[in-house]
Amino acid sequence: MAQADQQIQNDNGSNVRADLNNNFDALFSNNSGSSEPSVTTAFMWFADSANDALKIRNAANSAFITVGTLSETNLGLALKASPTFTGNVGVPAGTVSSLPIRRSDDTNTGIFFSAADTLDIATGGTRRAHFDTNGITIRDRKALRFRDTSNSNFVAIRAPDNAAADITLTLPSSDGNANDVLQSDGSGNLSFAALPQAVPTGSVHLMAGNNVPSGYLKCNGQAVSQTTYAALYQIIGATYGQTATTFNLPDLRGEFVRGWADDRSDVDAGRGFGTAQDQSNREHTHVVTDPGHGHSINDPGHFHNVAYTNSDNGDGVIEESGTGFNGFEPTENATTNISINLNHTGISIQNQGSEARPRNIAMMYVIKT
C-alpha cells in the first residue's frame with residue numbers, strides 16, 4: 001500500500017530519491033490504502049483496501065467513482081457476451097420510440113418505463129400493454145390468447161368496442177358442479193349456478209317447429225331408460241307408467257293440458273296428478289225465443305150441396321113438384337178470402353263431429369331431460 005502527495009520536494013539526494021520512490025509506489029499501486037489519498041487529481045486510480053473496491057477520480061476531481069470489486073474476476077463486471085448479473089441492473093426509463101431494452105436489430109419492440117411503478121411493452125412501435133399497481137392492462141382492444149396443446153388454435157378474451165364504464169369481473173372461489181352455468185350478481189361478482197335453475201328438468205315446452213331440440217324428448221308416451229335419463233326419472237318416476245328398467249313420458253299428442261287442481265275442491269275435485277280425462281260437455285239448456293208470428297188462410301173457392309125432395313114431410317129440405325125427384329143441388333161458388341202460410345223461427349239444434357274443442361293450432365310438446 002502506498003500513497004504520496006505527487007510532489008518532489010527540493011532536498012538532498014537521498015531524500016529526493018525516497019520522495020521519488022514514494023510517488024512511484026503510489027502510482028504503481030494505484031494509491032492503494034484503507035482511506036482515500038489526501039492529495040487527489042482528476043482520473044487518478046485508487047485501490048480502496050477497506051472496501052475491496054477499485055475506484056477512479058471523476059473529471060471534476062470532486063469524488064471517486066467505483067469501477068469494480070478488487071477480489072472478483074473481471075472486477076465483478078459483466079462480460080460483453082453472456083454476462084451473469086448478481087445485483088440490480090438499472091436502465092433509463094425510455095419511451096416507446098426510444099426503448100432502453102430491445103433487440104439490437106429491432107428498434108420497435110421492447111420494454112420501457114412510462115412512469116414510476118409502471119412497466120410498458122411495445123411492439124411495432126406501439127404501446128400494447130403495461131404492468132402497474134392495478135395489474136396487467138392490455139391496450140387498444142387487443143386479445144388475451146390461450147393456445148391449445150398443438151398451438152394451432154386459441155381461445156381469446158378481449159374488451160368490447162366501447163365500454164360505457166370500467167367493468168371488473170371477479171371469478172368465483174370454486175369451479176362449481178357439472179352442468180353449472182356462470183352467472184353475475186349485477187356487480188361483477190361471478191358465481192356458478194345449477195343449470196336446472198334456468199331450465200328445470202321435467203319442464204314441458206311447446207315447440208313451433210317439429211324438430212326436438214338437444215336436451216329434450218318428445219312427449220309421445222315412449223318408454224325411455226331409467227339410467228340414461230336418471231335426472232328426468234327422478235322427477236316424474238312412474239307417473240305415466242314404468243317397467244323395471246324404463247319409464248314412460250307423458251303422451252301429449254293431440255291433447256289439451258289442464259292445470260292440476262291439487263287440493264282445490266270446487267274445480268276438477270279429486271283429480272290425480274298426471275291422470276288423463278275423457279271429453280265431457282257440462283249439462284246445459286238451449287233457449288229459443290220467438291218474437292211472435294201470424295198464420296193466414298186462403299180458400300180459392302168451394303161449393304155447398306143443398307138436398308131437395310118432392311115430398312113435404314117437414315124436414316126442411318127444399319121441395320120440388322112432381323114425383324120421384326130428390327137429390328142434391330150445389331150452391332153458387334163462394335170464397336172465404338182466408339189463407340194459412342207456414343212460418344218458422346229459423347233455429348235448428350244439431351249434434352255434429354266426434355269431439356268438443358275450441359279453436360286451436362297444433363304444436364309439439366317436448367320435455368326437458
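The values are calculated or read from the model by the stated rules, or taken from the named source; none is laboratory data. Quantities reported herein were computed from a predicted structural model and do not represent experimental measurements. Positions of Cβ are generated from backbone atoms using ideal geometry, with glycine treated the same way; all protein chains shown enter the neighbour counts. To get the accessible areas, we keep the full protein, side chains included, count just its heavy atoms, and leave off ligands, DNA and RNA. Shrake-Rupley method; radii C 1.70, N 1.55, O 1.52, S 1.80 Å.
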Which one of the conditions (1) among the polar types (S, T, N, Q); (2) modelled with pLDDT of 95 or more; (3) open to solvent by less than 40 Å² (accessible area, probe 1.4 Å) does Thr239 fail to meet, given that it meets all the rest? (3)
Options Ala93, Ala116: the member that is in a loop (DSSP other than H, G, I, E, B) and open to solvent by less than 80 Å² (accessible area, probe 1.4 Å): Ala93
Selection from the range 47-74 of residues that are farther than 18 Å from Ser34 by Cα and either within 60 Å of the chain's Cα centre (by Cα) or hydrophobic (A, V, I, L, M, F, W, C) (or both): Ala59, Ala60
Please go through the range 120-142 and give me each residue that is of a type in the set (A, V, I, L, M, F, W, C) and surrounded by fewer than 15 Cβ atoms within 10 Å (Cβ to Cβ), ordered by number. Phe131, Ile136
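Going through Ala122, Ala129, Ala115, Ala78 one at a time, which residue ends up being more than 25 Å from the chain's Cα centre (by Cα) and within 30 Å of Asn51 (Cβ to Cβ)?
Details: Ala122 fails: within 30 Å of Asn51 (Cβ to Cβ); Ala129 fails: within 30 Å of Asn51 (Cβ to Cβ); Ala115 fails: within 30 Å of Asn51 (Cβ to Cβ).
Of the residues listed, the single one that is more than 25 Å from the chain's Cα centre (by Cα) and within 30 Å of Asn51 (Cβ to Cβ) is Ala78.
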Go over the candidates Pro172, Pro100, Pro83 one by one and state the one that is under 30 Å from Asp185 (Cβ atoms) and either open to solvent by 60 Å² or more (accessible area, probe 1.4 Å) or of a type outside the set (S, T, N, Q) (or both). Pro172
Any pair with Cβ under 6 angstrom, 6 or more apart, that starts in the range 234-251 at a residue that is small (Gly, Ala, Ser) and ends at one that is surrounded by 12 or more Cβ atoms within 10 Å (Cβ to Cβ): Gly241/Asn248
If we keep just the residues of the range 242-274 that are part of a loop (DSSP other than H, G, I, E, B) and surrounded by 14 or more Cβ atoms within 10 Å (Cβ to Cβ), which is farthest from the chain's Cα centre (by Cα)? Arg271
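Conditions (1) more than 20 Å from Ile361 (Cα to Cα); (2) more than 28 Å from the chain's Cα centre (by Cα); (3) among the charged types (D, E, K, R); (4) assigned to a loop (DSSP other than H, G, I, E, B), marked per residue:
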site: Leu206; (1), (2), (3), (4): no, no, no, no
site: Asn210; (1), (2), (3), (4): no, no, no, yes
site: Ser214; (1), (2), (3), (4): yes, no, no, yes
site: Leu217; (1), (2), (3), (4): yes, no, no, no
site: Val224; (1), (2), (3), (4): yes, yes, no, no
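Table: residues versus (1) touching a residue at least 12 places away in the same chain (Cβ under 8 Å); (2) open to solvent by 60 Å² or more (accessible area, probe 1.4 Å).
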| site | (1), (2) |
| --- | --- |
| Gln6 | yes, yes |
| Ala18 | no, no |
| Asn22 | yes, yes |
| Ala47 | yes, no |
| Asn58 | yes, no |
| Phe64 | yes, no |
| Glu72 | no, yes |
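Looking at the range 157-169, which of its residues are open to solvent by 90 Å² or more (accessible area, probe 1.4 Å), part of a loop (DSSP other than H, G, I, E, B) and not basic (Lys, Arg)? Break it down into steps so the answer makes sense when it comes.
Initial filter on the range 157-169 (open to solvent by 90 Å² or more (accessible area, probe 1.4 Å)): 157-158, 161-162, 164, 166-169.
Okay, now just the ones that are also part of a loop (DSSP other than H, G, I, E, B), so 158, 161-162, 164, 166-169.
Of everything in the range 157-169, those that are open to solvent by 90 Å² or more (accessible area, probe 1.4 Å), part of a loop (DSSP other than H, G, I, E, B) and not basic (Lys, Arg) turn out to be Asp161, Asn162, Ala164, Asp166, Ile167, Thr168, Leu169.
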Criterion violated by Glu36 - all others in (1) farther than 22 Å from Gly68 by Cα; (2) of a type in the set (D, E, K, R); (3) at pLDDT 90 or above satisfied: (1)
